[in-house]
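To start, the structure itself, in structure tokens.
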Amino acid sequence: MINEIEQEQELAQHSKYLMKKFNIGEVVERGQYVILSKCKHVDIFRKPIDCVIKESLHSEDEPKCCTKFCFNLINEYQVSSQLSHPNIVQPQCANFKYDGGCSVLFPQAECDAFSYLLNGVLDISVVKLYFKSMILTLNYLHNQQLFAHNDFKLENVLVFKTENENEMFQLTDFGYSYYLGNKHNNCRNYSKYWTTRNTIFLSPTNCQSIQFKQFRNLREKEGDMFGLGCTLFMILFRKYPFGSNLPTLNEKLKVCEDIQKFGYQYFLQFQTAFNIYENDWVILIDLIIQLLVIDDSCRATSLQLMNHPWVCQQNN
Ligand SMILES: [Zn+2]
């Protein structure tokens, strides 16, 4: 019991500044340096909205001093406030470099796509909506704007409900994103912090570049497309595509090679809970085959997939 109380006291708390300024509710996620909590906010039209506040904490010894988590958060705010797309989460407001931390306010979602799409019984039309929304979003980022997301995964896609109770998927967490127009400088600034990352969603090229610290060789947009392919695999089969949530580069390469070698046949070993006609299933599997490709220049781009039959079809 004493231990529990002690542990409770050690958990990070929001800064006093933030507690005073906002009506903060339940904690959604609490790390050592970053806390996310629900809160109420009034927007510029004086409309009350449910929000989530993300605060990156400064150390008690240096309350005005930003950490690398602050820089990620400030970067996330700067990137996402430059973007305007119905499937991208727009930050509501931000407060930086105050006594105790930095924070950004985002609209509150129902949940993330990881918990929404990997649980319960779903209709394939919801998967299609997710995929279409993300293709439109990545196409906007990659082709109209010079950005890549660089951390594409189901946890970073949020699910909102419209007034008609339909799902709406929005991409969030642009902490690893940066303007690609001046790639040489920006790569030096940001991607060197990526060395601690080892997620299933990183493309083989980006895994290798990070492993050997060759940050100028990153293929960011192509990397987003690889991540998208991984998410589609996970949704359809409710499994990790490369065996575990921390696959080695070799495990990843082996699976991608097998997918390209066996094509549709490769996927016959897995079960899916979705009810779907075989013809549609073949078209859907083709998307994964086009995305989980080792060679970046052979992987489908967001622009190419805008014309894919599964994305274009109006009905299922
Ligand atoms: Zn800060």
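Just a few scattered comments:
- Spin-label pair Gln269-Ser84: with each label point 7 Å from Cα along the Cα-Cβ axis, the two points sit 4.9 nm from one another.
- Each label was represented as a point 7 Å from its Cα along the Cα-to-Cβ direction; for Met19 and Phe45 these points are 3.5 nm apart.
- Using θ = phi - 60° in the Karplus curve 6.51 cos²θ - 1.76 cosθ + 1.60, the 3J(HN,Hα) couplings for the stretch 74-88 round to 5, 4, 4, 5, 4, 5, 5, 7, 8, 9, 9, 8, x, 9, 10 Hz; x is entered for Gly and Pro.
- Charge context of Glu29, other residues only, Cβ under 13 angstrom, K/R +1, D/E -1: -2
- Per residue accessible area in Å² of the stretch 2-107, where ligands, DNA and RNA are left out and the probe is 1.4 Å: 63 Å²
- Choice from Leu218, Leu292, Leu138 with maximal GNM fluctuation in the chain (Cα, 10 Å cutoff): Leu218
- Exceeding the 19 Å Cα-Cα cut-off - candidates Lys21/Lys64; Lys21/Lys161; Lys128/Lys161; Lys132/Lys252; Lys128/Lys252: Lys21/Lys161; Lys132/Lys252; Lys128/Lys252
- Structure remark: mean-square fluctuation, Gaussian network model of the chain, C-alpha springs under 10 Å; the largest value among Pro86, Pro48, Pro204 belongs to Pro48.
- Distance (nanometres) between label positions extended 7 Å along Cα→Cβ at Tyr98 and Glu251: 4.3 nm
- Under a Gaussian network description of the chain, with springs only between Cα atoms under 10 Å, the residue in Gly229, Gly175, Gly25 that fluctuates furthest is Gly25.
- Residues with amide H under 5 Å from that of Cys39, placed H, sequence gap 5 or more: Gly25, Cys51, Val52, Ile53
- Label reach from Gln304 (point 7 Å along Cα→C-beta): in the stretch 110-135, amide nitrogens under 20 Å belong to 131-135.
- List Phe69, Phe233, Phe262, Phe274, ordered by accessible area with a 1.4 Å probe, largest first: Phe262, Phe69, Phe274, Phe233
- Across the stretch 215-229, coupling constants 3J(HN,Hα) worked out from phi with the 6.51/-1.76/1.60 Karplus curve, θ = phi - 60°, read 5, 6, 8, 4, 10, 5, 5, 5, x, 4, 5, 5, x, 4, x Hz, and Gly and Pro carry x.
- Contour excess over end-to-end distance, with Cα ends at Asp295 and Gln214 and 0.36 nm allotted per residue: 27.4 nm
- Normalised by residue number, the volume inside the convex hull of the Cα atoms of the stretch 111-312 is 122 Å³ per residue.
- Each helix, a run of at least 4 DSSP H residues, gives -39500 (n - 2.57); summed and divided by the residues of the chain, these come to -11000 deg cm²/dmol at 222 nm.
- Antiparallel bridge percentage (DSSP; both residues within the chain; nearest 5): 95 percent
- Taking the accessible area of the chain, probe 1.4 Å, and keeping the other protein chains in place, the carbon and sulfur fraction comes to 49%.
- Solvent-accessible area per residue, Å², over the stretch 111-312 with all protein chains present [probe radius 1.4 Å]: 46 Å²
The values are calculated or read from the model by the stated rules, or taken from the named source; none is laboratory data. The model shown is predicted, which means the values in this text are computed figures rather than measured ones. FYI the Cβ positions are ideal-geometry reconstructions off the backbone, even for glycines, and counts take in every protein chain you see. Surface areas here come from the heavy atoms of the whole protein model, side chains and all, with no ligands, DNA or RNA. Shrake-Rupley method; radii C 1.70, N 1.55, O 1.52, S 1.80 Å.
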